[in-house]
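A short write-up of the structure that comes next.
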Amino acid sequence: MLKIVADNKIPFLKGALESFAKVTYLPGADINKDVLSDADALITRTRTSCNEKTLKGSKVKLITSATIGFDHIDTEWCEKNGVEWTNAPGCNSESVKQYVGAVLALLIKEKGWQLKGKSMAVVGVGNVGSKVSAMAKALGMTVYEVDPPRARTEEKHFEKLEDVIRKADVITFHTPLTIDGEDKTYHLCDDQLLKQMKPESIVINSSRGEVIDGAALKRALQNSKISAAVIDVWENEPQIDKELLDLVWIATPHIAGYSQDGKAMGTQMSVRAISRFFNLGIDDWQATGIPQPEQAKVLINCDGLTDEEVIAKAIMHTYPLKEDDGRLRSEVTKFEQLRGTYPVRREYSAYTISLVNSTVSQKSTLRAIGFNVV
C-alpha cells in the first residue's frame with residue numbers, strides 16, 4: 001500500500017488520501033530520515049528540510065509542499081536523485097494581498113494617508129505581486145512594477161528598482177529567495193537601497209525574511225532614513241531580532257498568507273499533485289469544511305465618510321491586522337505556536353458588503369479589490 005508522510009499542521013488534509021494510502025501525520029520538525037525510510041511521498045510545509053540528509057536512502061518519489069515557497073527543498077539534489085517535487089504557487093496570493101490591503105487601511109486610519117496620489121513599488125510581480133499591484137491601482141495609487149526576470153522575457157513594461165526607489169511611498173517585496181545569480185534577492189534590501197528611499201517611505205516585507213538585511217533595516221529606522229516598516233517574515237525565524245521588532249511599525253509571525261482560503265488552496269494543490277503522480281483519480285479534489293467568518297455580511301453607513309475611509313473600514317473588518325501585531329509582541333518567544341494556532345481569517349471574497357448612502361465609486365472599488373457588494 002502507498003505510504004505518505006504529512007506535516008500534521010496542514011489543514012483540511014485528513015481524510016483526503018486515506019482511501020488510497022497509509023498516511024502518517026507528524027510535526028514538521030519530527031519528519032526525518034528514519035520516518036521517511038519506507039515512505040513513497042511527503043506532504044510538507046516550510047518547516048521540514050527536504051535535502052540529502054533527510055531523503056538519502058528513502059523510497060520517497062514525490063515531495064509536495066502545500067506552500068508557495070520551496071527554499072526548504074534542495075531541488076538540485078532531488079532532481080539529480082529522481083525525486084520529483086511540487087509547490088503551491090499562488091495558493092496564498094489573495095491572502096497576502098489582503099495583508100497588504102490591511103496595511104494600506106491602517107495607513108489611512110492611523111497615519112492619515114490619502115492613497116490617491118501616493119505611489120507603490122511592487123518588487124516581484126508574480127502570483128502575489130500582480131494581485132497586490134492590481135489592488136493598489138484600484139485604490140488610486142501609482143504603481144511601479146519591478147521584476148527583472150520578467151522584464152528580460154516579456155514585452156510588458158517593468159521598471160528598474162534603482163529608477164523608482166527614490167519616488168515610491170510604499171515599497172513592498174514579493175520575490176522568492178534567491179541566494180546568488182543575476183536575480184539574487186538575498187539582502188536585496190540593504191543599506192544602499194534603504195539610503196535611496198524617501199524619508200517618508202514605508203517598507204513591507206511578506207516574501208522571505210532574508211530579502212531584507214535586518215541589520216540595515218534597524219539602522220535605517222534608528223536614523224529615520226525611512227518612516228516605518230511592516231515585517232511579516234524575518235531572518236533567523238523563529239529566533240527573530242527583538243531589537244528590530246521594537247523598531248518596526250507592524251510585526252507579525254509569518255502569517256500574511258495564512259488565510260483559511262490560502263491554506264485550503266495549498267492543501268488542494270498538494271493532494272491533486274499526489275493524485276496525478278500516483279494515478280489516484282482524484283485530480284479535482286477540493287478541500288471542504290473551511291470555517292465561515294463570524295460576520296460574513298457587513299453593513300457600512302457611508303454618510304460622512306470619504307471613499308478611502310469606507311474602503312479601510314471594509315478591509316479592517318475582514319482583517320484586524322493590529323491584533324496579530326499585538327500577539328507577536330506579547331508572546332515573541334512563541335513564534336511557532338502563534339503560527340500553529342493562528343485564528344480563522346477569510347479573504348475578501350467570503351464577505352458581502354452592504355453600503356448605505358454610498359457612491360458608485362465606493363461600490364466599484366470594493367468590487368475591484370475582491371468584495372461581494374450589494
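What to note about this one:
- The angle between the Cα long axis of helix 360-369 and the main principal axis of the chain comes to about 30°, on a 0 to 90 degree scale.
- Spatially proximal lysines relative to K3 (Cα-Cα < 26 Å; intrachain offsets below 8 disregarded): K14, K22, K33, K53, K56, K59, K61, K80, K263
- Crossing angle, helix 307-318 versus the chain [Cα axis fit, 0-90 degrees, rounded to tens]: 30
- Cα-based shape type of the stretch 266-359, given that a ≥ b ≥ c are square roots of the gyration tensor eigenvalues and the cut on a/c is 1.5: oblate
- For the stretch 233-270, the residues whose amide N sits under 19 Å from a probe point set 7 Å from the Cα of T333 along the beta carbon direction are 237-246, 253.
- Taking all pairs of distinct alpha-carbon atoms in the stretch 93-251, Kirkwood radius in angstrom: 15.6
- Burial ranking of peptide ranges 312-320, 11-19 (average Cβ count within 10 Å, highest at the top): 312-320, 11-19
- Sequence ranges 216-228, 329-341, 56-68, ranked by mean other-Cβ count within 10 angstrom, highest first: 56-68, 216-228, 329-341
- In this structure, the residue pairs whose Cα-Cα separation is over 28 Å, taken from K97/K334; K160/K198; K109/K297; K137/K334, are K137/K334.
- Anisotropy class of the stretch 2-118 from Cα gyration tensor, a/c 1.5 cut: prolate
- Cα gyration tensor shape for the stretch 140-215, rounded if a/c is under 1.5, else prolate or oblate: oblate
- Peptides 108-117, 188-197, 79-88 ordered by packing proxy, namely the average of other Cβ atoms within 10 Å per residue, highest first: 188-197, 79-88, 108-117.
- The helix-based estimate of mean residue ellipticity at 222 nm for the chain, built from -39,500 (n - 2.57) per DSSP H run of four or more residues and divided by its residue count, is -10000 deg cm²/dmol to the nearest 500.
- With the alpha-carbon atoms of the chain aligned to their principal axes, the span from lowest to highest coordinate is 64, 47, 47 Å, starting with the largest.
- Sequence-distant contacts, meaning Cα pairs under 8 Å at least 6 residues apart, place the relative contact order of the chain at 15 percent.
- Cα centroid separation, the stretch 60-85 to the stretch 103-175 (Å): 31
Read-outs: derived from the displayed coordinates by stated rules, not from any lab. Quick caveat, the model's predicted, so the values are computed rather than measured. As a convention, Cβ positions derive from the backbone with ideal geometry for all residues, glycine included, and neighbour counts pool all protein chains shown.
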